[in-house]
Each structure stands twice: as C-alpha cells, then as structure tokens.
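The values are calculated or read from the model by the stated rules, or taken from the named source; none is laboratory data. The model shown is predicted, which means the values in this text are computed figures rather than measured ones. Please note: Cβ atoms are built from the backbone with ideal geometry, for glycine as well, and neighbour counts cover all protein chains shown. In case anyone asks, the SASA skips ligands and DNA or RNA and just uses the protein heavy atoms, side chains included. Shrake-Rupley method; radii C 1.70, N 1.55, O 1.52, S 1.80 Å.
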Amino acid sequence: AATIAIAQTDIKKVLAYSTVSQLGYMFLAVGCGDFHAAIFHVGTHAFFKALLFLAAGSVILAMRHEQDITKMGGLRRRIRHTHAVFLIGVLAIAGAPGFSGFFSKDSILVAAWAAKVPGREWHYGLALGTAALTSFYMFRLHFLVFSGECRAEPEIKSRIREPRAVILQPLWMLAFF
C-alpha cells in the first residue's frame with residue numbers, strides 16, 4: 001500500500017493507501033504480541049488521519065473541487081491555516097520526534113525488534129522501510145500541494161481562498177491532538 005501511495009496523484013487516494021499501510025503497522029504489532037502498541041497506533045492514527053483527510057477536504061474546497069495534486073502547488077501562501085494543520089498531520093504520520101506518530105510507530109518498531117518470533121529482523125526491516133516510504137510519500141504530497149508555483153487553471157487560481165472558520169476550527173482541534 002505504501003508503494004501504491006507513492007504513485008497516486010489524487011490527494012484522497014494518497015491518504016487512503018496510506019491508511020492501508022498504517023493498518024499493516026497495527027497488524028505487525030499484534031503479530032509480535034504487543035497489543036498495547038497496536039491500540040496506541042490506532043488512537044494516534046485516528047487523530048492524524050482525520051486531520052489529514054479533513055485538511056485535504058479544505059484544500060479541495062479551496063481548489064474548487066480539484067483533487068489532482070499535479071494541478072495544485074503554491075497553496076502555502078494562499079491557504080496558510082490549512083497548510084499549517086496539514087503539515088502537522090504530515091509530521092505526525094511521518095513519525096517526526098515529538099509528534100504522536102513518533103511514539104506509536106517507535107513502540108511498534110521496538111515490538112518488532114524484541115519479538116520472539118522467527119524472522120524478527122525481517123519484520124523490523126520491513127517496518128523501518130515502510131516508515132521511510134510513509135515519510136517519502138507524505139512529504140511528496142505536502143510539497144506538491146503547498147510548495148512551488150500554483151499549477152491551477154487561471155480561473156481557479158484567482159478564486160483560491162481559505163475556507164471559513166467552521167472548517168478550520170475542527171482542523172486546529174485535531175492538530176492539537
């Protein structure tokens with residue numbers, strides 16, 4: 001699922017395949033016998049993935065229902081609040097130190113390394129590789145949407161605006177968690 005997410009150009013499909021990849025992490029923890037790590041990752045994943053999907057919805061609204069990330073870019077300057085919360089979600093899912101995903105993914109990596117199962121080194125290596133892929137496709141998504149020049153059509157580009165507070169307030173609440 002992580003390798004499929006790399007090739008997607010639809011903002012919601014990247015996040016959907018990412019969810020499947022994160023489910024693999026949870027199943028790895030269960031397979032290694034660390035149910036606490038699996039449940040912990042379910043909880044952290046619920047917050048950062050809800051944040052990312054709702055922030056993607058905010059981007060889609062700002063782009064007049066465009067979902068193709070190749071037609072975005074440069075949105076950091078136009079929708080600053082959405083950019084900030086999206087970046088928080090990306091840092092969390094990528095496992096950046098201090099963010100929720102760091103602690104839950106680290107507990108799964110420890111569980112994989114410490115498991116008394118055959119092939120634990122392979123499990124650990126696959127989990128570490130998947131973590132690297134997650135960071136890659138999430139930062140790819142972030143940079144394609146928010147950095148560089150805006151690649152939207154002129155009539156859309158002129159109408160890009162930050163969504164109303166009714167959309168932004170739940171995003172900031174999720175970003176906190």
For this session: Would you mind calculating the gained length between Phe176 and Trp113 on full extension (0.36 nm times residue separation, minus the Cα-Cα distance), in nm to one decimal?
Result: 19.6 nm
For this session: Starting from the amide H of Met72, placed 1.01 Å from N in the peptide plane, find each other amide H under 5 Å away whose residue is 5 or more places distant or on another chain.
Result: Arg151
For this session: Please give the length that would be gained between Glu155 and Thr3 if that part of the chain were fully extended, namely 0.36 nm times their separation in residues minus their C-alpha to C-alpha distance (nm, one decimal).
Result: 51.3 nm
Exercise. Cα centroid distance between segment 146-176 and segment 1-21, in Å?
Worked result: 21 Å
For this session: With no solvent and one equal point scatterer placed on each C-alpha of segment 60-122, evaluate the Debye formula and give log10 I(q)/I(0) for q = 0.18, 0.22, 0.30 Å⁻¹, two decimals.
Result: -0.75, -0.90, -1.15
For this session: Would you mind telling me the share, in percent, of accessible area of the chain contributed by carbon and sulfur at probe 1.4 angstrom?
Result: 68 percent
For this session: Below 15 Å Cα-Cα, how many Lys pairs turn up in the chain? Only count pairs eight or more apart in sequence, or on different chains, if you could.
Result: 5
Problem set entry | Residues of segment 151-169 with amide N under 15 Å of the 7 Å Cα→Cβ point at Ala84 | 162-169
For this session: In nm, give the distance between the simple-model label positions of Lys12 and Phe35, each being 7 Å from the Cα along the Cα-to-Cβ direction.
Result: 3.5 nm
For this session: Tell me the label-point distance for the pair Val166, Lys71, using the 7 Å Cα-to-Cβ offset, in nm and rounded to one decimal.
Result: 2.6 nm
Exercise. Of the peptides 47-54, 150-157, 110-117, how do they stack up when ordered by the mean number of other Cβ atoms within 10 Å, highest first?
Worked result: 47-54, 110-117, 150-157
Problem set entry | Label of the coordinate-derived value, volume of the Cα convex hull per residue in Å³, listed as (i) 114; (ii) 317; (iii) 93 | (iii)
